[in-house]
1. Sorted by mean Cβ packing within 10 Å, highest first, what order do the peptides 154-166, 212-224, 826-838, 90-102 take?
2. Which value, in debye to the nearest 20, gives the size of the charge dipole of the range 837-959 about its Cα centre, when Lys and Arg are +1 and Asp and Glu are -1 at the Cβ?
3. What ranking, highest mean first, results for peptides 718-726, 67-75 when packing means the other Cβ atoms within 10 Å averaged over each residue?
4. Per 10 Å bin from zero, what fraction in whole % of the C-alpha pairs of the range 501-574 is there, up to the bin with the longest pair?
5. Each label point is 7 Å from the Cα along the Cα-to-Cβ direction; what then is the distance between the points at Tyr554 and Met737, in nm?
6. Where does the chain land on Rg/Rh, using Cα atoms and the Kirkwood Rh?
7. Can you sort Asp244, Asp198, Asp136 so the residue with the fewest Cβ neighbours within 10 Å comes first?
8. Using Cα positions and a limit of under 19 Å, work out the lysines in reach of Lys33, with same-chain residues fewer than 8 apart set aside.
Amino acid sequence: MKLKNKFFRRNRFLLILVAVLTLSQTAFAQNRKITGNVVSATSEPVIGASVVAAGTTTGTATDINGDFTLTLPTETTSIIVSCIGYTQVTVKLTEKDTYNVTLEEDANFLDEVVFVGYGTMKKKDLTGSVSSVEGDMIKKRQTTEVTNALQGAISGLTVTRSSSGPGSNATLRVRGITSMQESSPLVIIDGVPGSLSDVLPGDIQDLTVLKDAASAAIYGSRAAAGVIVVTTRRATESEKASVDFSYSMAMDFPTAMPEYGDAVGYMEAMNELAYNDTPSAGRYSVWPQEYISGYNALHKSNPDLYPDTDWAGMILKNYAPRQKYNLSVTAGTKKVKTKISLGYDNVDGLYTGDSYTWDKYAVRVNNDIELNDYMSFSIDLNGRIVDSCAPYYSPAGWMRNAGPIYAAEWSDGRPASGKDGTNPYAKMLYGGTKESRSIVGGGKLQLDIRPFTGLVISGVFSPKFNESRDKDFNKAVTYTPYDDPDGPKSFLASANTTDLTEVRTSSYSYTAQLFANYNKNWGKHYFGVMAGIEEFYNNWQNISASKADYITDYFPYLSAGPDDKVTAGNSAPYENAYFSTYGRVTYNYDSRYYLQANFRADASARFAKNYRWGYFPSVSVGWVVSREGFMKDQDVVSHLKLRASYGNLGNERIGNYPYQTTMSFTSPSVFSGSSVIGVQGVTNSKLAIEDITWETTTTYDIGADLNFLGDRLTVNFDWYYKKTRNMLIELDIPSFMGYSAPDQNAGDMNTKGWDLTLGWSDMIGDFSYGVNFNLSDYKSVMGDIGDKLTISGGTIIASGLEYKAWYGYRSDGIFQNADEVSQSAVTSATVQPGDIRFKDLSGANGVPDGIINNDYDRTVIGSSLPRMNYGGSIFFGWKGLDFNMTFQGVGKRDALLSAQMVQPLYSYWGNVPKFVEGSHWSPFNTINENLSAKYPRYSQTTGTTSQNYAVSDFWLINGAYFRIKDITIGYTLPRKWLDTIKVRNLRLSCSLSDFFTACHFPKGWDPEVSSTGYPITKSVVFGASIKF
């Protein structure tokens, strides 16, 4: 009690003031006053409990002693008392004026059930690191794919994207990188492996991320990168039969697009570039000054001959519509319960025309049947069809920065020549399509037998079928002179033939499980055991064919092409399988001391017979400190649990048959007499090492779960360390052996990090509100991988370095004059004033040698992976009104500006970014202007371009950003309005998604978008849902 008083004494008047201002709704007509006291079952005062007159908004809140005073209408018959973490109580009023109320703890608050693998556990009994998000939150984000709704939602789950193209998915990482092979988490849907694309956002009941070995080791060989467990919605016995329908309509816009100069600025830049590279030619060697000065007038008189093309404006529409329909039917009795859901998504792309669309049709049927008191059966079916169509040629690479002096389309609508036949707009619009249809069907049969209390024996069989058809139709595109529609035809670049390629892919897999769960309580002792076996099989195959030189583009079928131009594509069928045994033992005493042990043994067909088995144990302990006697006399900390875990996880996703030598079919030429003829041949292409085996990740985790102030405030923290051993890396072999390098278990890496989640929620009368925040950080570092060195895309993978660290030169500003150049180390003789100066770090003898060299002067310059990932939400509800705002961001990241983002006149026809104009070094600037220049001079000299736009810290920026993901306002109509039309619920909503972003990127560049990719989009979403 002393601790409670010490904590609240300072806030006493603030609490009373808040209660008065937000709750007390008195009127002169109110003429009855009541008082009372609210305590818990242990007789402790309940602080901040809401006391409301039933059927009104008149209410108040209890003070630090649990006391309340409330003035209410004389006709009031009852009051409602509620508080977070307690069961709501309705108290009938009598003639007395004082009421003492006892609130019982809400058993469901910490008894929330979480699926943990082949069974469930109460949230309060978990000893592993587990985070969950409710399906309603995922549904409210109004995304077509589940992955995009998870950004910023869960601590320790990093969600990255580079495009918002129709149907695109984000990349998920749980607690960093665990392998150079595969680091995406395993996805489990209703107990069996699947994909997040298999489930509609609205079908999810809850989504749980298993982050440490204690929670994930039960999945053994596939759990090293974490596990995402999805539970779909099912009908319940207490749920009335209902029909739910929801509809949303959205408009997608690019979040940001960079600005570029117009035609006049482009020609001036070309002249400056030419002058920099060849000063003797003069300042106007490409475009005469008079021509530039009069260009705008010429453009108005003849836009075909004197273009000023806004390529992005022509390629992109102002907005793209998106629609979502969902229908669900729920019905149930004690014996049979069924939930059917249907969904349809229709998404248009931002590209001009109607050739960029994405449609998804999905169905899910979950049936639960109680056969008798000892046996139950479930039959689940699910399926989806995805139809997509995209331009054969994606214009994303050039739509932002193509040169404005080249025409995309003649004024009469015909395709124009672009630059020497390079025309991304016309090629996108007329150059054919890539069509695809994917059909996925699956189901699950589960039989549960309960021979006696506490024991459940379950058998599961879950098949999955996948069939896809792809048709890539590349059309030839011609253009004619602007003033002669019937003149000679020329082909656009890479669009001079009409070709068709078709691919058929099919796969089949099944999962079979047999496991048993037994749970028993003996007084204060709880014991649980689970054991089972599992088998998985997967078969994949495809076939492709193509034809070239079609004489017409009206019939995109193989039968319409010339028979002598047919080509059969390579088919690479494969199959894989695994067999597993697993078990779990749990024990707790008085819900105070917890012990859990997991074990799994996996045999994978990806390895040779003698090396197939991997063994993955884990153990975890927990101590609920808040149940100790010394915690009884305080009411600040309502729950405190300390956790620790250790275990091994595996990774067998390393490709198929890596222990076997790969055979490749070839077509060598041989002599037949004096003639050379082609024959079919077979050759060994890759040397194999038979004894390769599992990559194993050992994980240590220490965590704490704390609830304060009657469970209003929650805090969860975890620190972890992961070390991966036996990583597969390529073994260098002499080239004269004639094989590609084999894989071997020879590497290791480690990841350290932490996760933090904070939450506050409360209810004051009819007003509920809450704030959630999560923050996580990790760093993945390579251990010993020998002399293996991988430098690619500006990053490096090497022993002792952070995984995929930026690797390049250290810069030292911009050369200002010839003396600085002559007195400094340079990369080549082409370096001039206005170029970037690099630091001479080392040489062949280990000391600076006066030369900037790739081998000795590049070093680690930053981290390419996002750090300090955070997210959260703010929400409140009042009567039928609800508001929700979610946010997400990255607190620490080194972002590299690519050459296509910043280089003026890229490839001699790219435009000049507006943020570079006026901020670059120029021979026509003053000395002070050049001293403050942010960017190097214009140049296309080979040595200069490769130097200035080489990977260096000159182009690294602070890549941190903050984004408001969603702002949603919704209103649920009062029930009394709806009863007359037999409607149970009707909600209307409006959302803004990804509309507000703060970052350090150059103006017009979204912090997540690829420099050559489809834009990241922001959306306005209108929604309605109705329940009958």
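Just so you know, all these numbers are worked out from the coordinates, no wet-lab data involved. Remember, it's a predicted structure, so these values are computed and weren't measured experimentally. All Cβ positions, glycine included, derive from the backbone under ideal geometry; neighbour counts span all protein chains shown.
1. 212-224, 154-166, 826-838, 90-102
2. Roughly 360 debye, rounded to the nearest 20.
3. 718-726, 67-75
4. 15, 22, 16, 13, 11, 10, 8, 5, 1
5. 5.9
6. 1.00
7. Starting with the residue having the fewest Cβ neighbours, the order is Asp136, Asp244, Asp198.
8. Lys92, Lys96
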